[in-house]
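Student: Provided herewith is a single structure, encoded as structure tokens, for subsequent inquiry.
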Amino acid sequence: MIIKKLPALFEPARPVLQKIENAGFEAYFVGGCVRDTILGDQIHDIDIATSAYPSEIKAIFNRTVDTGIEHGTVMILDHGTGYETTTFRTESGYQDYRRPDKVTFVRSLAEDLQRRDFTINALALRENGEVVDLFDGLGDLKRRLIRAVGDPHERFNEDALRMMRAVRFASKLDFVIDGPTLKGIKENAPLLSKIAVERTRVELEKLFLGQNPPAGLKDFLETGLYQYCPGLANAKPALSALLVTGNGWHLQNTDQVWGLIVTQLGLTGNALDRFLKKWKTSNDTIKQVKRIVPVVSALHQHQLDAELMFKAGWSALRDANQVARIYGWQMAAADLENAYKALPIQSGRELAIDGRTLITVAGIKPGPALGKIIKQLTQEVVTGQLANDRSQLLQRASDLKQEEG
Ligand code: ATP
Ligand code: MG
């Protein structure tokens, strides 16, 4: 197969490959960028593999950076954009089911492609558009199949993360996992517990952000992989309930992903915190999910009010609405935006009075009482009980101070 017109992203990289070839070595585009080009999907980055050793690459180009030289990766800066090239390699060892004990540089493309996970990811593309396909990856792209390169059992024993990659590609590409590969996952699922949770998390997030999440989720559940994930051992019934939703989830970011998972598991309060901590999500994600979840539930109950919208803020409202869409609980985007814009204030900073004024003008002492009064004023303004007007706020603050005694 020859691809006549390569996507624009490849163009500026072609001279890099040509230069390596002119020096007597081989160089190819490899991995996801080749797969996605043949599928006609958008590509976001390109990977280059070469028979040249790192020292040889460094001799060919003027400006390079050793970004991962022990793995064979060198960044070439001669052509504007930096391009990372990785020397063909084989991997061996995998004592711990996750990391090869030893990486060996080799001169043969075939050996490099053989260590890759799935046939559709083991295609190579020459600078002139020629595709090298040693494992019928092109046939599998046509058949829309995810198939391990070689013996699935062996491949999942080498690196258990590949099982999560299989289910995420099932969703990402809307492909089916080939029978023996699926069987290999079922038999080796417990090995997933050896994998660092951060790496499993990234794959799960990509699954939820793919083209057909219910398809990937079904495989994730049926193979038993979920049992070896933090906090999901008993989650099959709850997560299975998501399989009946249509496949148009269109989640846009990982906060929405976790908002959905947590909603579906019915987690709130400390349980929510503990669950996300086990998955090692960022603190920002935990914060955002805590804002998203109550909004999703309010949308469900048709009880989204001014106070909750104010508390959540626009980004969590938007995220929550996207999650709610999966259940059919969403508001029309324009209605939500208008409702939010109609709030008298959208943040505490917009309150026509600040703490310092309350202390100096209204004579309120700094401390918990001050905080309480500000909270009360904010709530009354947000809900429209009180105008956001300096003198009215001052008056109300004095009243509240009296009440406090
Ligand atoms: P994406 O579009 O999500 O980036 P990708 O296929 O490019 O998909 P990467 O994780 O960027 O995925 O990996 C690049 C390539 O490296 C893969 O296409 C595959 O050939 C190889 N690869 C990545 N991870 C593994 C793994 N765990 N085992 C074997 N090969 C792998
Ligand atoms: Mg990639």
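Student: I want to confirm something. Restricting to the stretch 317-335 and keeping residues that are without any contact (Cβ under 8 Å) to a residue 40 or more places away in the chain and closer than 12 Å to Gly259 by Cβ, which single residue is surrounded by the fewest Cβ atoms within 10 Å (Cβ to Cβ)?
Tutor: To start, the set of residues in the stretch 317-335 that are without any contact (Cβ under 8 Å) to a residue 40 or more places away in the chain comprises 317-318, 321, 324, 328-335.
Imposing the further condition that a residue be closer than 12 Å to Gly259 by Cβ reduces the set to 317-318, 321, 324.
On the way: Leu317: 24, Arg318: 19, Asn321: 23, Ala324: 24.
This residue is Arg318.
Student: Still on this structure, I have one more. May I ask you to list pairs of residues, at least six apart or on different chains, whose Cβ atoms are under 6 Å apart, with the first in the stretch 286-300 being open to solvent by 50 Å² or more (accessible area, probe 1.4 Å) and the second being part of a helix (DSSP H, G or I)?
Tutor: Here the result reads Arg291/Ala312; Arg291/Ala316, each pair linking the stretch 286-300 to a residue that is part of a helix (DSSP H, G or I).
One line per residue, one yes/no per condition, for (1) out of contact with any strand residue (DSSP E or B) (no Cβ under 9 Å at 6 or more places or on another chain); (2) within 16 Å of ligand 2 (Cβ to nearest atom); (3) farther than 16 Å from Lys218 by Cα:
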position: Asp117; (1), (2), (3): no, yes, yes
position: Asp151; (1), (2), (3): yes, no, yes
position: Arg162; (1), (2), (3): no, yes, yes
position: Leu173; (1), (2), (3): no, yes, no
position: Gly179; (1), (2), (3): yes, no, no
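Student: A follow-up question, please. Given (1) closer than 15 Å to Leu123 by Cα; (2) away from ligand 2 (no atom under 16 Å from the Cβ), identify the lone condition not met by Glu21.
Tutor: (1)
Student: Here's another thing I want to ask about it. Could you grab me the full set of residues in the stretch 24-49 that are within 13 Å of ligand 2 (Cβ to nearest atom) and closer than 18 Å to Thr64 by Cβ? So that I can check it myself, show each step before the final result.
Tutor: Kept after step one, since they are within 13 Å of ligand 2 (Cβ to nearest atom), are these residues of the stretch 24-49: 29-37, 41-49.
Those that are within 13 Å of ligand 2 (Cβ to nearest atom) and closer than 18 Å to Thr64 by Cβ: Ile46, Asp47, Ile48, Ala49.
Student: Looking at this structure, is Tyr83 of a type outside the set (Val, Ile, Thr), surrounded by 17 or more Cβ atoms within 10 Å (Cβ to Cβ), within 15 Å of ligand 2 (Cβ to nearest atom) and not assigned by TED's automatic domain parsing to the domain that holds Ile185?
Tutor: Working: of a type outside the set (Val, Ile, Thr): yes; surrounded by 17 or more Cβ atoms within 10 Å (Cβ to Cβ): yes; within 15 Å of ligand 2 (Cβ to nearest atom): yes; not assigned by TED's automatic domain parsing to the domain that holds Ile185: yes.
So Tyr83 passes the test.
Student: Sticking with this structure for a sec: Regarding the stretch 342-350, can at least one residue be identified that is closer than 30 Å to Trp258 by Cβ, assigned to a helix (DSSP H, G or I), open to solvent by less than 60 Å² (accessible area, probe 1.4 Å) and charged (D, E, K, R)?
Tutor: In the first step, residues of the stretch 342-350 are kept if they are closer than 30 Å to Trp258 by Cβ; the result is 342-343, 345-350.
The next check asks that each one be assigned to a helix (DSSP H, G or I); those that pass are 348-350.
Of the ones still in play, those that are also open to solvent by less than 60 Å² (accessible area, probe 1.4 Å) are 348.
From the residues that got through so far, the ones that are charged (D, E, K, R) too are none.
No: the stretch 342-350 contains no residue that is closer than 30 Å to Trp258 by Cβ, assigned to a helix (DSSP H, G or I), open to solvent by less than 60 Å² (accessible area, probe 1.4 Å) and charged (D, E, K, R).
Student: Among the candidates Val167, Val197, Val262, single out the residue that is more than 16 Å from ligand 2 (Cβ to nearest atom), aliphatic (A, V, I, L, M) and either in the same structural domain as Ala324 (by TED's automatic domain parsing) or modelled with pLDDT under 95 (or both). Before you say what the answer is, go through the steps one by one.
Tutor: Working: Val167 fails: either in the same structural domain as Ala324 (by TED's automatic domain parsing) or modelled with pLDDT under 95 (or both); Val197 fails: either in the same structural domain as Ala324 (by TED's automatic domain parsing) or modelled with pLDDT under 95 (or both).
After ruling out the rest, the residue left standing is Val262.
Student: If you take just the helices (runs of 4 or more DSSP H) that sit entirely in the stretch 149-253, which of them hold at least 1 residues that are crowded, with 21+ Cβ neighbours inside 10 Å? Explain how you work it out, then say what you get.
Tutor: Details: elements: 152-158, 161-173, 179-188, 197-208, 213-222, 236-240.
It comes to 152-158, 161-173, 179-188, 197-208, 213-222.
Student: Restricting the search to the stretch 342-371, which residues are touching a Leu at 6+ places or on another chain (Cβ under 8 Å) and in contact (Cβ under 8 Å) with a residue 24 or more places away in the chain? Don't jump to the end; show me each part of the working.
Tutor: Within the stretch 342-371, the subset touching a Leu at 6+ places or on another chain (Cβ under 8 Å) is 345, 351-353, 355, 357-359, 361-362, 364, 370.
Ile345, Leu351, Ala352, Ile353, Thr357, Leu358, Val361, Ala362, Ile364, listed by residue number.
Student: Tally time: how many residues in the stretch 147-167 are under 26 Å from the mean Cα position of the chain (by Cα), away from ligand 1 (no atom under 11 Å from the Cβ) and farther than 17 Å from Leu225 by Cα?
Tutor: 1
Student: Please work out which residue is most open to solvent (accessible area, probe 1.4 Å), limiting yourself to the stretch 383-397 and to residues that are part of a helix (DSSP H, G or I) and closer than 23 Å to Lys311 by Cβ. I'd like the intermediate steps shown before the answer.
Tutor: Going through the stretch 383-397, the residues part of a helix (DSSP H, G or I) turn out to be 390-397.
Subset that is closer than 23 Å to Lys311 by Cβ: 392-393, 396-397.
On the way: Gln392: 91, Leu393: 0, Arg396: 56, Ala397: 0 Å².
Once the filter is applied, the top-ranked residue is Gln392.
Student: Which one of these is open to solvent by 60 Å² or more (accessible area, probe 1.4 Å) and in contact (Cβ under 8 Å) with a residue 12 or more places away in the chain: Trp314, Trp258, Trp279? It would help to see each step written out before you state the result.
Tutor: Details: Trp258 fails: open to solvent by 60 Å² or more (accessible area, probe 1.4 Å); Trp279 fails: open to solvent by 60 Å² or more (accessible area, probe 1.4 Å).
Matching residue, one of Trp314, Trp258, Trp279: Trp314.
Student: Is there any pair with a first residue in the stretch 27-40 that is more than 18 Å from Gly210 (Cβ to Cβ) and a second that is surrounded by fewer than 19 Cβ atoms within 10 Å (Cβ to Cβ) and among the hydroxyl-bearing types (Ser, Thr, Tyr) whose Cβ atoms are under 7 Å apart and which are 6 or more apart or on different chains, and what are they?
Tutor: Taking only residues 6 or more apart or on different chains, not a single pair turns up.
Student: State all residues of the stretch 16-28 that are open to solvent by less than 50 Å² (accessible area, probe 1.4 Å) and either within 11 Å of ligand 1 (Cβ to nearest atom) or assigned to a helix (DSSP H, G or I) (or both); if no residue qualifies, say none.
Tutor: Passing the criteria: Val16, Leu17, Ile20, Glu21.
Student: Right, something else. Out of the residues in the stretch 40-74 that are within 16 Å of ligand 1 (Cβ to nearest atom) and open to solvent by less than 50 Å² (accessible area, probe 1.4 Å), state the one that is farthest from Gly129 (Cα to Cα). Quick ask: steps written out before the conclusion?
Tutor: Step one: filter the stretch 40-74 for residues within 16 Å of ligand 1 (Cβ to nearest atom), giving 40-50, 67-68, 71-73.
Among the residues that remain, those that are also open to solvent by less than 50 Å² (accessible area, probe 1.4 Å) are: 43, 46, 48-50, 68, 72-73.
On the way: Ile43: 16, Ile46: 14, Ile48: 14, Ala49: 15, Thr50: 16, Gly68: 28, Gly72: 24, Thr73: 23 Å.
Among those residues, the one meeting the criterion is Gly68.
Student: Same structure, new question: So how many residues does the stretch 114-131 have that are within 13 Å of ligand 1 (Cβ to nearest atom) and surrounded by fewer than 19 Cβ atoms within 10 Å (Cβ to Cβ)? Reasoning before the result, please.
Tutor: From the stretch 114-131, those within 13 Å of ligand 1 (Cβ to nearest atom) are 114-125; that's our starting set.
From the residues that got through so far, the ones that are surrounded by fewer than 19 Cβ atoms within 10 Å (Cβ to Cβ) too are 114.
Residues flagged as within 13 Å of ligand 1 (Cβ to nearest atom) and surrounded by fewer than 19 Cβ atoms within 10 Å (Cβ to Cβ) within the stretch 114-131 amount to 1.
The values are calculated or read from the model by the stated rules, or taken from the named source; none is laboratory data. Small disclaimer: the values here were computed from a predicted structure and weren't measured. Cβ coordinates were reconstructed from backbone atoms using ideal geometry, including for glycine residues, and neighbour counts include every protein chain displayed. With ligands, DNA and RNA removed, areas are computed over all heavy atoms of the protein, side chains included. Shrake-Rupley method; radii C 1.70, N 1.55, O 1.52, S 1.80 Å.
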